[in-house]
Amino acid sequence: MPTKCIVNGADKEDFFFIFAQRHFLYIDVGNCTTALTKSMGSKEYKKIILDKLHITLKPRGFKKSGGNFKLTNNEMAYFINLQSSQSSTLATLKTTLNLEIASLTLSQLEDGLSASKHIRHWTERIGFFLEEPFDKWWTIHSLHDADIAANEIVDIIENRVLIEFKKLRTTADLVNLWRNNKCPGLTEFQRLEYLKLVNALK
């Protein structure tokens, strides 16, 4: 009969149950099993999503910094930001993505600031690119949830968001939106003020 192993007050059968439930990594030492790492949590789930985004966005010229991805051309800057909810915990990640565009031309006119400062001329949440738009948040409890969320996010970014970014290549493209009463992320006051600023340049 095998020797019964007690580790931290729990026998080996208890540890197999914990392993299945909490993704512990174990190594056998003689008849005992010793825990090596803590359970997976929100930090690891976030990394899974960011790594998959990085694989997708890096070939397209986006630079990664923390949870942010940025692409610039001669006139525009594009931002994709992974945001964690304040209701996230060590074990659970609740997350969404913010999508933003800044005109470098307009940014420099506004108090001489660059687009590295938080001046944005177009903003949207990823959920508003869905077939039925709403403020979509992913709640992730496991590695499986994280993989599903990462795949869904990358699909929306590739097939919807980047296509929209390509339509907004210049300040003039943003101005056309504003003149058609479209101003994602802006107030009506901001829309009118930006149109005044652009008209003053002529």
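With respect to the conditions (1) under 18 Å from Val175 (Cα atoms); (2) loosely packed, with under 15 Cβ neighbours inside 10 Å; (3) among the hydrophobic types (A, V, I, L, M, F, W, C), Met76 lacks only one, and its number is (2). Restricting attention to region 145-173, and to residues there that are free of Cβ contacts under 8 Å to residues at least 12 places away in the same chain and closer than 19 Å to Glu75 by Cα, which single residue is surrounded by the most Cβ atoms within 10 Å (Cβ to Cβ)? That would be Asp173.
When residues in region 72-92 are screened for being touching a residue at least 60 places away in the same chain (Cβ under 8 Å) and hydrophobic (A, V, I, L, M, F, W, C), 2 of them pass.
In this structure, is Leu93 assigned by TED's automatic domain parsing to the domain that holds Trp178 and under 15 Å from Val154 (Cβ atoms)? Spelling it out, it is not the case that Leu93 is assigned by TED's automatic domain parsing to the domain that holds Trp178 and under 15 Å from Val154 (Cβ atoms). If I ask for residues that are hydrophobic (A, V, I, L, M, F, W, C) and either modelled with pLDDT under 95 or surrounded by fewer than 18 Cβ atoms within 10 Å (Cβ to Cβ) (or both), which ones from region 84-101 would you list? Scanning region 84-101 gives Leu90, Ala91.
Residues in region 119-135 that are closer than 21 Å to Ile101 by Cα, surrounded by fewer than 17 Cβ atoms within 10 Å (Cβ to Cβ) and not β-branched (Val, Ile, Thr) were compared, and the one that is nearest to the chain's Cα centre (by Cα) is Gly127. Checked against the criterion of being loosely packed, with under 14 Cβ neighbours inside 10 Å, in contact with a strand residue (DSSP E or B) (Cβ under 6 Å, 6 or more places away or on another chain), modelled with pLDDT under 95 and not assigned by TED's automatic domain parsing to the domain that holds Thr139, region 17-26 contains one or more residues that satisfy it.
The values are calculated or read from the model by the stated rules, or taken from the named source; none is laboratory data. Worth saying up front: this structure is predicted, and the values here are computed from it rather than measured. Cβ sites come from the backbone with ideal geometry, for glycine too, and all protein chains shown count toward neighbours.
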